[in-house]
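The block underneath contains the structure these notes are about, expressed in structure tokens.
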Amino acid sequence: MKTVHARTLGLRIAALAAAGLVLTACNEDDAATGATGQTSPSAVASAPASAKASGKAKEPVKPSAHASGSTTGGDAAAQAKTNKLVLNAADWGAGFESNGDDDTSLTNSTMDKSCVLKENGTVKTLVANTNRYVRVQTSDGGELWGSSGAGQFTTAEAAHQDMAETAANSKRCPNSKVEAGTETNTAHEVESPKLPGADEVYSEEGLTVYHEEDGTPYDPRPYSYIVARKGSLTVSVFVDLSPTQQVSDGRAKARQLLQKMTAKW
């Protein structure tokens, strides 16, 4: 399961934390207007909010692509396609900038019987993959962030199976965690929008709980994840919100951004 959503994002954060790369951030966030399906840039992900009034949460910054793994044996033409499909910072809205290099690794993530997500080799049916992370500074000194991804599989069935695995994991393990302790709670499928050209669409929402170094949990944060498939190609958007926001804010933003990606496939 290479598709990036709350669980695989947790693996990324865990790996970066081990590398000692952290960023101080706040949890303040402006409300978004989801009624029309359009949201402001502030509707996207913010860094974890500490339950204590003092002390701000620390969110890892993504290092270079070499640190997270580069494409191994990928196809150059397919890689160029996925690179083109993922969103640039400008696509997210005014003020957004890149949050590190693109991640083009083909790493596989497997949910074990205890609902712990672990990295496990590479996705054999994944030809090329690109994930791009963005961030934006807020007036209170914090940062908001988000990610988009595109994957080229060997066949349409392989791409379908990748999406099916994501859905199956959420159904079997609505509450799960990554090896470093980041938790995903109440993960569940929600109604997906109709997207022109898409063979199938999967949408998921839930709560992500990050932890301080001593294990103290931050307040749960809603997330919205959506992935669409056309043949052997998938595109996805992940939006993580502050504890004070409604999941509908992220849902509207994710749909808006995904439409920008599907318009290019």
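The values are calculated or read from the model by the stated rules, or taken from the named source; none is laboratory data. All values derive from a computational prediction rather than experimental measurement. With ideal geometry, Cβ positions are generated from the backbone for all residues, glycine too; neighbour counts draw on all protein chains shown.
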*asked:* Tell me yes or no: at least one residue of region 188-200 is in a strand (DSSP E or B) and in contact (Cβ under 8 Å) with a residue 60 or more places away in the chain.
replied: yes
*Between a first residue in region 149-168 that is free of Cβ contacts under 8 Å to residues at least 60 places away in the same chain and a second residue that is of a type in the set (G, A, S) and crowded, with 18+ Cβ neighbours inside 10 Å, which pairs have beta carbons less than 9 Å apart while being 6 or more apart in sequence or on different chains?*
E157/S232
*A94 is checked against (1) free of Cβ contacts under 8 Å to residues at least 60 places away in the same chain; (2) farther than 19 Å from L258 by Cα and fails just one. What number does that condition carry?*
(2)
*Would you point out which residue out of L144, L117 is crowded, with 18+ Cβ neighbours inside 10 Å, among the aliphatic types (A, V, I, L, M), modelled with pLDDT under 90 and not in a loop (DSSP other than H, G, I, E, B)?*
L144
*What are the residue pairs meeting all of these: first residue in region 229-246, first residue over 16 Å from V201 (Cβ atoms), second residue assigned to a loop (DSSP other than H, G, I, E, B) and polar (S, T, N, Q), Cβ atoms under 8 Å, and 6 or more apart or on different chains?*
S242/N27; P243/N27; T244/N27
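Each row is one residue, and each column tells you yes or no for (1) in a loop (DSSP other than H, G, I, E, B); (2) modelled with pLDDT of 95 or more; (3) surrounded by 19 or more Cβ atoms within 10 Å (Cβ to Cβ); (4) touching a Leu at 6+ places or on another chain (Cβ under 9 Å).
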position: Y223; (1), (2), (3), (4): no, no, yes, yes
position: V239; (1), (2), (3), (4): no, no, yes, yes
position: S242; (1), (2), (3), (4): yes, no, yes, yes
position: S248; (1), (2), (3), (4): no, no, no, no
position: R251; (1), (2), (3), (4): no, no, yes, no
position: A254; (1), (2), (3), (4): no, no, yes, no
position: Q259; (1), (2), (3), (4): no, yes, no, yes
position: K264; (1), (2), (3), (4): yes, no, no, yes
*Subset of region 201-221 [part of a loop (DSSP other than H, G, I, E, B) and among the aromatic types (F, W, Y)]*: Y210, Y218
*On the given criteria, is R221 within 25 Å of T110 (Cα to Cα) and touching a residue at least 12 places away in the same chain (Cβ under 8 Å)?*
yes
